[in-house]
Amino acid sequence: MSLPPLALSHEHLQKLVTADLVRPDHLLGAHPTTEGGVQGVRFAVWAPSAQHVSVVGDFNGWDGFSHPMQRLDFGFWGAFVPGAEQGQRYKFRVTGQDGRTVDKADPYGTFFEVRPQTASIVWQRGFEWTDGEWLAQRVRRGQALEQPVSIYECHVGSWARRDDGWFLNWRDLAHRLGEYVTYMGYTHVELLGVMEHPFDGSWGYQVTGYYAPTSRLGNPEDFKYLVNHLHGLGIGVLLDWVPGHFPTDEFGLAHFDGSPLYEYADPRKGFHHDWNTYIFDYGRNEVVMFLIGSALKWLQDFHVDGLRVDAVASMLYLDFSRTEWVPNVHGGRENLEAIAFLKRLNEVAHHMAPGCLMIAEESTSFPGITTRAPEGLGFDYKWAMGWMNDSLAYFKQDPLWRKYDHHKLTFFNIYRTSENYVLAISHDEVVHLKKPMVLKHPGDWYAQRADYRAFLALMWTTPGKKLLFMGQDFAQGTEWNHDAALPWFHADHPDHRGIMNLVRRLNSLYRERPDWHTGDAREEGMAWIAADDTDASVYAFVRRDPHSAAWSLVVANLTPVYREGYAVGVPQGGEYRVVLSTDDGEFGGFGTQQPDLMAREEAAHGQTHRLHLNLPPSSVLVLEPVQPAAPDLSPVPSLTPEQVEAARQSAQAVQLERAISPQPNEQKRLIADTPARVDGPSVPADAEPLAAEPADPEGGEKA
């Protein structure tokens, strides 16, 4: 049984407007209930500037005069409709401040008609969760900085389709996706396009239903089944979430009461010309609570394990992609209200859904993204956009010229511990004529696959959590098409199957080997052995577990030249063994052998011993000592000041950051001085976190 909705009292409404009600969906929206012994549905909506509001739907023949809503305190409206019931469609008919009457979808709607229809649907059903042990373990794992996190990014509408071309149901997707992700060894899925949106081509980023999974794939309980099933397989579920902007569709949030309500009134602050979307007004408590309530809806009621927050940079900067902008009260370019919102969001999310992961897609050098609030924004991870840009720029080049950009693959190590990073190769990199990942590499088909295998191995052995977009783990040969299923027939071809075998092996090693993941956010987690062989385009570094003697040596040869007997310094003598070679036959390579893996006492690269290795063309080789001892890497040479300065001057990501970011000292002062709240306490005193075993299948009443 679901708990009754919060009463539309002065006290509860005041809590919302003072930012003390983190679950406003328990107050607003459509709630089946009983009043005076009569069953029906109570409707409530925020529309302070409206002249008149009525609720219309299947229960009254869409007659705007049958059920006018009563104006309540603080600009809210409410009405109880006797006889209205589960499954009926409805909208709010709003006569706005501008005199126009428009039928609006419910901002707090939990289920919607299938596009192109736009009505909300009264929906409240129970669900029997069986993932209590998963939630308990998630709480114990906490932030997971030292845990393996390998994310499979999946667009739910195009991962696979039914034979007739329609979308899979959430339940069908649960089994098929769960089987594949388990086979491939990922730890998490990140689902794209879950929240209700009107246009397939937006990939789900222009959200009109912030509290509803898209009806294209079924009802809310079908989506809960997917999350529950994946948890049963040991797979975490992350969602893309878009609090930065919303579409201009008339039935949605835009000018909801005939005036700017959810959006900033000044178009210099409230409109994205690039995306043709409105920007949320983070200075209004009701808007902030609407967004935080949405986040908690997914984290608590749908049991998802985290949110990837889209386009954070566009929220942080008032001059983001615009020539006309309004400075903040200090005359700066930071949106102080958005900063306060993000701090509050992350504090509340971590309190109410312990163990959840909050991940920022943020592309500038804004400080403290993954520093706990109030000192920082409070995210757990940030996408490593600089690593992505530098790595792709390097691998796109003809190997003949790579020596001139050798630093692009070493520069990340200079700042990799400044934040907690996710190395992300997302959907953005394989659309709009950017080519699929394997075809970004130069050369013929064999050379492209060899080079791509080397890229993948370097990605998995570089410090940072991992994310790979669907299709790229079997070397999809076409750009992603959101209107069609993945070309799964590619995976049946041996050339593509080799890439799949490699990703599967990388995930297995990544999960099993503590030296590949425990030191991701620590300096001692990685050390360069050879970072300056520009002529050969060879790199060598060590990954190590700060808590044990486990370590491995990674050697990359990034030219299509076979190098026999290449000398690599190592900190330990004795016999070594191959952990991984991207040139192995099972991955589509030639299977180059290593005749001698005995490290002899002969100095090289500042180390006491050296190995002589056969380096296949465009390959990565990973080795470990047969009897490992904690390595003494103090003599390992670092980049010279001249190399660091050259990297700073020419690295593409840093050039961009310097062009659009404020001075660090000024920005640190601003972020530290920005409160992690709007009004009221950061976490309401009566707020309750998500329990491992919820007493009520729909989640309890949280105020």
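Return the total of residues in region 1-47 being under 24 Å from residue 111 (Cα atoms), in contact (Cβ under 8 Å) with a residue 40 or more places away in the chain and basic (Lys, Arg).
1
Among what's in region 150-188 and is in a loop (DSSP other than H, G, I, E, B) and among the charged types (D, E, K, R), pick the residue that is nearest to residue 510 (Cα to Cα). Spell out the reasoning first.
Within region 150-188, the subset in a loop (DSSP other than H, G, I, E, B) is 156-160, 162-166, 168-169, 185-187.
Subsequent filtering for residues that are among the charged types (D, E, K, R) retains 162-164.
Details: 162: 33, 163: 36, 164: 38 Å.
Step by step, filter region 150-188, then rank; the result is 162.
Going by the conditions given, is residue 452 open to solvent by less than 20 Å² (accessible area, probe 1.4 Å), among the aromatic types (Phe, Trp, Tyr) and without any contact (Cβ under 8 Å) to a residue 60 or more places away in the chain?
Details: open to solvent by less than 20 Å² (accessible area, probe 1.4 Å): yes; among the aromatic types (Phe, Trp, Tyr): yes; without any contact (Cβ under 8 Å) to a residue 60 or more places away in the chain: yes.
The answer is yes for residue 452.
Restricting the search to region 465-491, which residues are touching a Leu at 6+ places or on another chain (Cβ under 9 Å), open to solvent by less than 10 Å² (accessible area, probe 1.4 Å) and more than 29 Å from residue 526 (Cα to Cα)?
471, 476
Among the residues of region 75-98, is any in a loop (DSSP other than H, G, I, E, B), open to solvent by 50 Å² or more (accessible area, probe 1.4 Å) and closer than 26 Å to residue 296 by Cβ?
Yes, region 75-98 contains a residue that is in a loop (DSSP other than H, G, I, E, B), open to solvent by 50 Å² or more (accessible area, probe 1.4 Å) and closer than 26 Å to residue 296 by Cβ.
Examine region 193-208 for a residue that is open to solvent by 10 Å² or more (accessible area, probe 1.4 Å), of a type in the set (A, V, I, L, M, F, W, C), part of a loop (DSSP other than H, G, I, E, B) and under 24 Å from residue 116 (Cβ atoms), and state whether such a residue exists.
yes
Checking the structure you have, find out if any residue of region 521-537 is closer than 13 Å to residue 457 by Cβ and over 29 Å from the mean Cα position of the chain (by Cα). Walk me through it before giving the result.
The first filter runs over region 521-537 and keeps only residues closer than 13 Å to residue 457 by Cβ, leaving none.
Within region 521-537 (the criterion being closer than 13 Å to residue 457 by Cβ and over 29 Å from the mean Cα position of the chain (by Cα)), the answer is no, since none of the residues qualifies.
For residue 170, which of the numbered conditions (1) of a type outside the set (Ser, Thr, Tyr); (2) within 16 Å of the chain's Cα centre (by Cα); (3) open to solvent by less than 10 Å² (accessible area, probe 1.4 Å) fails to hold?
Going through (1) of a type outside the set (Ser, Thr, Tyr); (2) within 16 Å of the chain's Cα centre (by Cα); (3) open to solvent by less than 10 Å² (accessible area, probe 1.4 Å) one by one, residue 170 breaks only (2).
Within region 587-618, how many residues turn out to be open to solvent by less than 70 Å² (accessible area, probe 1.4 Å) and more than 26 Å from residue 633 (Cα to Cα)?
Number satisfying all stated conditions: 8.
May I ask you to verify whether residue 482 is in a loop (DSSP other than H, G, I, E, B), at pLDDT below 95 and under 30 Å from residue 179 (Cβ atoms)?
Yes; evaluated as a whole, the condition is true for this residue.
Considering each residue of region 406-436, count those that are closer than 26 Å to residue 533 by Cα and open to solvent by less than 30 Å² (accessible area, probe 1.4 Å), and give that number.
Here the count works out to 7.
Looking only at region 112-133, how many residues end up being more than 15 Å from residue 210 (Cα to Cα) and either of a type in the set (Gly, Ala, Ser) or part of a strand (DSSP E or B) (or both)?
Qualifying residue count for the region: 2.
Within region 438-445, is even one residue touching a residue at least 60 places away in the same chain (Cβ under 8 Å), among the small types (Gly, Ala, Ser) and either touching a strand residue (DSSP E or B) at 6+ places or on another chain (Cβ under 6 Å) or surrounded by 20 or more Cβ atoms within 10 Å (Cβ to Cβ) (or both)?
Scanning region 438-445 turns up no residue that is touching a residue at least 60 places away in the same chain (Cβ under 8 Å), among the small types (Gly, Ala, Ser) and either touching a strand residue (DSSP E or B) at 6+ places or on another chain (Cβ under 6 Å) or surrounded by 20 or more Cβ atoms within 10 Å (Cβ to Cβ) (or both).
For region 142-172, how many residues meet the condition of being more than 18 Å from residue 487 (Cβ to Cβ) and in contact (Cβ under 8 Å) with a residue 24 or more places away in the chain?
Residues meeting the conditions: 13.
Looking at (1) under 30 Å from residue 180 (Cβ atoms); (2) more than 24 Å from the chain's Cα centre (by Cα); (3) hydroxyl-bearing (Ser, Thr, Tyr), which is the only condition residue 158 fails?
Here residue 158 clears every test but (2).
Quick one: is residue 227 open to solvent by less than 10 Å² (accessible area, probe 1.4 Å), at pLDDT 95 or above and within 30 Å of residue 502 (Cβ to Cβ)?
Answer is yes for this residue.
The values are calculated or read from the model by the stated rules, or taken from the named source; none is laboratory data. Here the structure is a predicted model, which means the values were calculated and not measured. Heads up, the Cβs are rebuilt from the backbone with ideal geometry, glycines too, and the neighbour counts pull from every protein chain shown. Quick note on the areas: whole protein, heavy atoms, side chains included, nothing else; ligands and nucleic acids left out. Shrake-Rupley method; radii C 1.70, N 1.55, O 1.52, S 1.80 Å.
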